[in-house]
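The structure appears below as structure tokens.
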Amino acid sequence: MNIYFSCSITGGRNDQQIYQKMVEFMVARGHEVLTAHLSKADILEDERVISPLEVYQRDVKWVDQCDVLIAEVSTPSHGVGYEIALALLQEKPVLCCYQSGHTVSKMILGNTHPTLSLYAYQDAQDVLGELDRYLRALEISA
Ligand SMILES: O=c1[nH]c(=O)n([C@H]2C[C@H](O)[C@@H](COP(=O)(O)O)O2)cc1CO
């Protein structure tokens, strides 16, 4: 499947290592992660040379192209919230994962959109297990 992986950049990079594990897991499962570069430790350096307009147009196109959007929402981020809303408005499946105990916006937690799923995880093994279950279920229903 074509996957849009959404994670905080400007919002903060404290969770970068878990972003990387999630992307590596999805790629290893044979998925195309359109935004795999967002999980890299040096993303700020790489994206510095791309204008805001180019980033916006590129990312909106990738949301349009994806089959599913996976978001890591432990760290609040304007961009991630925007991308989630874009995908939901297109009725695409969206999974928002966050570390248990982190404060997540009520605009995510209170959202009853039928294609939105939420998952609070304990550790990397836990979130990777959920990713596996979620993506397999989507593949079966496709
Ligand atoms: O340089 C960038 N490149 C980029 O693709 N984004 C997109 C993808 C991420 O899922 C999301 C992160 O938003 P934010 O920067 O507000 O945390 O926005 C965001 C930035 C920086 O705002």
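General observations
- Exposure check, 1.4 Å probe, all protein chains in place: SER100 carries approximately 60 Å² of accessible surface.
- Computed with every protein chain present, the accessible area of TYR56 is close to 120 Å² [probe 1.4 Å].
- Helix-only CD estimate at 222 nm, as mean residue ellipticity for the chain, using -39500 (n - 2.57) per DSSP H run (n ≥ 4): -14000 deg cm²/dmol
- Signed unit charges on C-beta, dipole axis of region 2-141, positive-most listed residue LEU116, THR10, ALA36: LEU116
- When the square roots of the Cα gyration tensor eigenvalues are ordered a ≥ b ≥ c, the ratio a/c for the chain is under 1.5, which makes its shape rounded.
- The lysines whose alpha-carbon is closer than 18 Å to the alpha-carbon of LYS40, local same-chain residues fewer than 8 away aside, are LYS21.
- Residues of type aspartates and glutamates that LYS92 reaches as a straight line, Cα spacing below 17 Å, ignoring anything fewer than 8 places off in the same chain: GLU32, ASP59, ASP64, ASP67, GLU72, GLU83, GLU139
- Extension gain for the segment GLN122 to ASN2, taken as residue separation times 0.36 nm less the Cα-Cα distance, is 40.6 nm to one decimal.
- When the square roots of the Cα gyration tensor eigenvalues are ordered a ≥ b ≥ c, the ratio a/c for region 34-77 is 1.5 or more and a/b does not exceed b/c, which makes its shape oblate.
The values are calculated or read from the model by the stated rules, or taken from the named source; none is laboratory data. Keep in mind that this is a model prediction, so the values were computed, not measured. With ideal geometry, Cβ positions are generated from the backbone for all residues, glycine too; neighbour counts draw on all protein chains shown. SASA here: full protein model, heavy atoms, side chains in, ligands and nucleic acids out. Shrake-Rupley method; radii C 1.70, N 1.55, O 1.52, S 1.80 Å.
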